[in-house]
Amino acid sequence: MKFELDDGFIAYDHHGTGIPLLFIHGYPLSRKIWIPQMEGLADIASSISVDLRGHGESYPFEGSYSMDLLAGDCKRLLDGLNIKSPILVCGLSMGGYVTMALFRKYRQLFKGMILTSTRSGADSTEAKQNRDASMKNVREHGVSFIVENMLPKSISPRTLTLNPNLVNSIRDIMMETSVQGVVGALQGMRDRPDSTPFLSQINCPVLIIHGADDQLISTHEAELMNKQIPDSRLIIIQEAGHLPNLEQPENFNQALRDFIQSLS
Ligand code: MLT
């Protein structure tokens, strides 16, 4: 389905019955990564998955996608769907950065938060330089350049060897991202603020999920967040990399199910 913004639209799905649960994907991905969760949790959650601007079927907006801008898009969608608080928000990687931005601005919206494969810190100088190099590369060589570089690091070595169908579907999802989407997200992530000082203010229950074999964001980052958020629990999923919801969907869904049940 499509939701109109002022200068374009974003795509979303809405499925299931229960507590409202907003899923926010990472970069350069789309709402398709949440299909196993939308289906697997349909009996306990009314799930909304969104394609962030420039990603999936959403309009390829120009410009930098600050985390606040992406969070604002999500809030407009929730308002448009007349979804009232309290809700759960589950963000993966860049989606986690957006979740933190959403919480900073609309904390009354949250019943709980799921931070997956993400971190609270800002980019280091080296990471900012890598973002700039990636922007140049995508403009010169197209999205496939980014995808072929990122894909093997996005999953565990085990998934890469044993699950070629999943590898191909992730590649297809990544390839649907527009050049504008890649550039906008890279700029927004490069310039995002450090959310670490803010972790101690998170006043809702938080579930942190991380793949044991994540090559893009180390488990150490998840442990740091778990130490600083007052009411959090950390689940490390074995035999999964940066995309545990796709690599180990049953374990991931069970963790979400247990979390949701613990809130009621
Ligand atoms: C993501 O998966 O969203 C990205 O790897 C996050 C990042 O590049 O910081």
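Quick rundown of the values:
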read-out: Subset tally (residues that are hydroxyl-bearing (Ser, Thr, Tyr) and open to solvent by less than 10 Å² (accessible area, probe 1.4 Å)) for the range 1-40; value: 1
read-out: Hits in the range 97-118 - residues which are in contact with a Phe, Trp or Tyr (Cβ under 7 Å, 6 or more places away or on another chain) and open to solvent by 10 Å² or more (accessible area, probe 1.4 Å); value: Arg104, Phe110
read-out: Candidates Asn137, Asn130 - the one that is farther than 30 Å from Ser85 by Cα, free of Cβ contacts under 8 Å to residues at least 40 places away in the same chain, within 16 Å of the ligand (Cβ to nearest atom) and open to solvent by 80 Å² or more (accessible area, probe 1.4 Å); value: Asn130
read-out: Residue among Lys75, Lys84 that is part of a helix (DSSP H, G or I) and away from the ligand (no atom under 16 Å from the Cβ); value: Lys75
read-out: Matching residues, the range 41-78, being over 18 Å from the mean Cα position of the chain (by Cα), closer than 22 Å to Asn245 by Cα and open to solvent by 30 Å² or more (accessible area, probe 1.4 Å); value: Asp43, Ile44
read-out: Identity of the residue in the range 42-62, touching a helix residue (DSSP H, G or I) at 6+ places or on another chain (Cβ under 6 Å) and away from the ligand (no atom under 16 Å from the Cβ), that ends up nearest to Leu256 (Cα to Cα); value: Ile44
read-out: Selection from the range 89-124 of residues that are of a type in the set (D, E, K, R) and either outside any strand (DSSP E or B) or within 18 Å of Gln228 (Cβ to Cβ) (or both); value: Arg104, Lys105, Arg107, Arg119, Asp123
read-out: All positions within the range 220-248 that are closer than 23 Å to Trp34 by Cα and surrounded by fewer than 17 Cβ atoms within 10 Å (Cβ to Cβ); value: Arg233, Ile236, Gln238, Glu239
read-out: Filter result (touching a Pro at 6+ places or on another chain (Cβ under 8 Å), assigned to a helix (DSSP H, G or I) and surrounded by 15 or more Cβ atoms within 10 Å (Cβ to Cβ)) within the range 152-201; value: Leu160, Met174, Val179, Gln180, Gly181, Val182, Ala185
read-out: Close pairs (6 angstrom Cβ cut-off, 6 or more residues apart or separate chains): over 13 Å from Leu29 (Cβ atoms) and polar (S, T, N, Q) in the range 161-172, in a helix (DSSP H, G or I) and open to solvent by 80 Å² or more (accessible area, probe 1.4 Å) anywhere; value: none
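The values are calculated or read from the model by the stated rules, or taken from the named source; none is laboratory data. Quantities reported herein were computed from a predicted structural model and do not represent experimental measurements. Note that each Cβ is placed from the backbone with ideal geometry, even for glycine, and that neighbours are counted across all protein chains shown. Keep in mind that these areas ignore ligands, DNA and RNA; they rest on the heavy atoms of the full protein, side chains included. Shrake-Rupley method; radii C 1.70, N 1.55, O 1.52, S 1.80 Å.
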